[in-house]
Every structure is written in C-alpha cells, then in structure tokens.
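Written out below as structure tokens is the structure these notes cover.
The values are calculated or read from the model by the stated rules, or taken from the named source; none is laboratory data. A quick note: this is a predicted structure, and the numbers were derived from the prediction, not measured. With ideal geometry, Cβ positions are generated from the backbone for all residues, glycine too; neighbour counts draw on all protein chains shown.
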C-alpha cells in the first residue's frame, strides 16, 4: 500500500505514513478511494495500485453444480481483471499527463515570478490549481506570488505619486512596503526589492531637485552634489548634471563681480572651485583664461602706476622740500630816518601744509652794490596748501634807495 499524499510505500498494518505521518486509508476503500491514492503516487506505485484494484474487484467464484459453470468459473475474474487493468492503465496515463502539465505550469509560474512577471505567474498558478486544487505547494506559491504582486502594485502607485510631486504620499507608501519586505526572504520578492530601491533613489533625487532652486551658494550646492553623487540611476545623473551646471554658472557670476572689484586672486579661486566640480565646463574654462589675462594687464598697469606714483611722489617730495614757497611780491621803502622798510607776501605751493616760514633778503644799492642781508618771518606761522603768507622787516642805515630780493626761504613740512 502507498501513501495517498506522498506516495511512500507502507507495510501491512501501518495506520499512518512513515514519511509524512498522514493517516492511511483502510484496505476496504472503494474504487474511487483507491484511485485517489494511486493518482498521488503515480510514478512510484503504479504496479501496486493495479494489483490492489484488481484484487478489489475479484469476485468469489459461485458454486455450480453444472459442469458448464465449473468450466467458465475461472473466466469471469480473468475478464474482470483484464478490463479493470485496461481502465486503470488508461486513467494512469491520463493522470500522468495532467501531472506533467501541472508540473510544467508550476515551473513556468516560478520563473515568471522570479522575473517579476507576477500577474503572469498568478495566471499560470490558477491554471495549475484548476487541475490540481489540493496541492499545497501550488496554494502556498500562489499566496506568496499574490503578496509580491500586491507590493509591486503599491510601488507602482508610489512611483506615480513621486512623478506628480506628491513626495510625502510616495514616501509613506515606500516605508510601508519596506517594512513588509523586512519579513520576506523568498527569492520571488527580489524584483519588488529592486523596484523599492529604485523608488527610494527617485525620492531622494526629487527631494534634492526640489531644493536646488533655493540654493544660492557654491557651498550649499556642493553639499547637495555630494548627496546625489552617492545615488545611482539616470535620474540621479540628470540631477547631478543640473547641480554641476548651476555650480558653474554661480561660480562664473561670482567671479565676474570679483573681477569688477579688481580682486583677481579671489576670482581665480572662485573659478577654480567651480572647475573642480565642472571640469569640462567650456564657459568657465574660457573665463579663467580671461581672468588671467585681465590680471596680467592689471598688474602691468598697476606696476606702471606705482612707478609713476613713485616718480610723482619723488617729484612732489622734491618740490615740497625745495620749492614749497613762492614769492608773490616784495617792496622796499626808505623812510625819513634813512632806514629801509621791507614787506612782501608768499604762497604755499607745496602739497602739504607748511609752518615757520622764514625768508632771506639781499639788499643792493641802486647802482648794484651789495649793501647787506636780513631775514623776515612769515605770518601766520601755519599755511595750508595754497594759502598766502606775509612778511615785513627793517634794514637800518641805508640812507639811499635800494633794491631787495628774496634769495632763500626755509620752512617745515607738516
């Protein structure tokens, strides 16, 4: 006798299967019960089933007093056994065909499920269950596949939410699916897990993309670029390029402002920072060459300006030290006592204030004879740039008309 569940051969008198512990059916089973047992273990117990079914249908020979009855008494069981054997063989072959078909459907469903084609897998499993509704393996596989199919549908809805800008709703769905997947280790969920990870990347990318427009500094954009660069996928690459382009543009504008302020060193640093994120940006690369050119021209002009300024400063210093005082006028008048009254004015031609100005005067007679020398202090004692000062003094005992000239002056530069 063979187990009607697993097909394991049992010994006479066993009440339960040695392998699966299923309760065995009695030896008084009807033809239908015997076929049920045989259908499960078709491959392992075909011969035994045939013998059992033949014995079940053997009839006890009837006692006949007639010679003809005794002659044909052995034909009836033989004919019955032949007919039943033919029927059993037919049904056996038919059931073997069904089993093979169910097995094929099951294998196709398994492959479809592993490929993420859950709806197709469910249809194949339903077809198999229609032929073998009581096979636990088929029932369990359908339950698992239906679970994966449901999770995939949830992920598809989450993807739709993300595409329409409903990030919060999509995020909530993704978290719910992730929670369920933590408790599932079956290979059939691998496609669901992959789709979940892809949706997580999409969510992260969309969050960053939503923040890009509000970021106005290179540092802030660089931080977001670092975040996106860790993500994989075409969407991440697209947002990464968007951030790099904005970084390059922002660096360009910032460098332009620095160039206008003649801060070429800072401008080069800004451009180089932008190029570190966007090394292939042609506009930024070309602008760096322009900054270098303008820097060189500025430095040359600055050197010339400094040289000119130094020259002007030297000339100015020379002027301040040697020609700060300019004589406006000087007069000499002989008074009634024979003394010479001398007066005049000066102007501060220096580029700085001067003080304590003293002029030196030489006195000559009308025929050009040198008579002597005197000094006069200028007042006020402090003269701003361009201010005029005055002086006056006496030269005694001349007794004749004379000519006076300023031959020297001294002052202090402030």
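Scan region 328-350 for residues that are over 19 Å from residue 403 (Cβ atoms) and surrounded by fewer than 16 Cβ atoms within 10 Å (Cβ to Cβ) and jot them down.
Listed by number, the residues that qualify are 336, 337, 349.
Can you confirm whether residue 267 is surrounded by 14 or more Cβ atoms within 10 Å (Cβ to Cβ), more than 30 Å from residue 141 (Cα to Cα) and without any contact (Cβ under 8 Å) to a residue 60 or more places away in the chain?
Answer is yes for this residue.
Pull up region 157-171, narrow it to residues that are surrounded by fewer than 16 Cβ atoms within 10 Å (Cβ to Cβ) and within 23 Å of the chain's Cα centre (by Cα), then point me to the one that is modelled with the lowest pLDDT.
Going through the qualifying residues, I end up with 165.
If you take just the helices (runs of 4 or more DSSP H) that sit entirely in region 211-312, which of them hold at least 3 residues that are under 21 Å from the mean Cα position of the chain (by Cα) and within 30 Å of residue 194 (Cα to Cα)?
Passing ranges, in order: 218-229, 234-260.
Residues are listed down the side, and each one gets a yes or a no for (1) surrounded by 14 or more Cβ atoms within 10 Å (Cβ to Cβ); (2) farther than 30 Å from residue 269 by Cβ; (3) at pLDDT below 85:
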site	(1), (2), (3)
173	yes, yes, no
177	yes, yes, no
181	yes, yes, no
199	yes, yes, yes
202	yes, yes, yes
208	yes, no, yes
217	no, no, yes
236	yes, no, yes
243	yes, no, yes
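Does region 335-356 hold any residues that are over 16 Å from residue 383 (Cα atoms) and either touching a helix residue (DSSP H, G or I) at 6+ places or on another chain (Cβ under 9 Å) or at pLDDT 90 or above (or both), and which are they?
Scanning region 335-356 gives 339, 340, 341, 342, 343.
Among the residues of region 245-260, count how many are farther than 17 Å from residue 293 by Cβ and surrounded by fewer than 21 Cβ atoms within 10 Å (Cβ to Cβ).
Qualifying residue count, region 245-260: 7.
If the Cβ limit is 7 Å and pairs must be 6+ apart or interchain, which residue in region 156-169 that is over 24 Å from residue 118 (Cα atoms) pairs with which residue that is modelled with pLDDT under 85?
That search, which allows pairs on different chains as well, returns 167/203; 167/206; 167/207.
What number of residues in region 353-390 are over 14 Å from residue 324 (Cβ atoms) and in a loop (DSSP other than H, G, I, E, B)?
The number of residues fulfilling the criteria is 6.
Output the residue which, of all residues in region 366-414 that are exposed (fewer than 13 other Cβ atoms within 10 Å of the Cβ) and on the phi > 0 side of the Ramachandran plot, is nearest to the chain's Cα centre (by Cα).
Among those residues, the one meeting the criterion is 386.
Name every residue in region 351-365 that is surrounded by 14 or more Cβ atoms within 10 Å (Cβ to Cβ) and under 16 Å from residue 399 (Cβ atoms), in order of residue number.
363, 364
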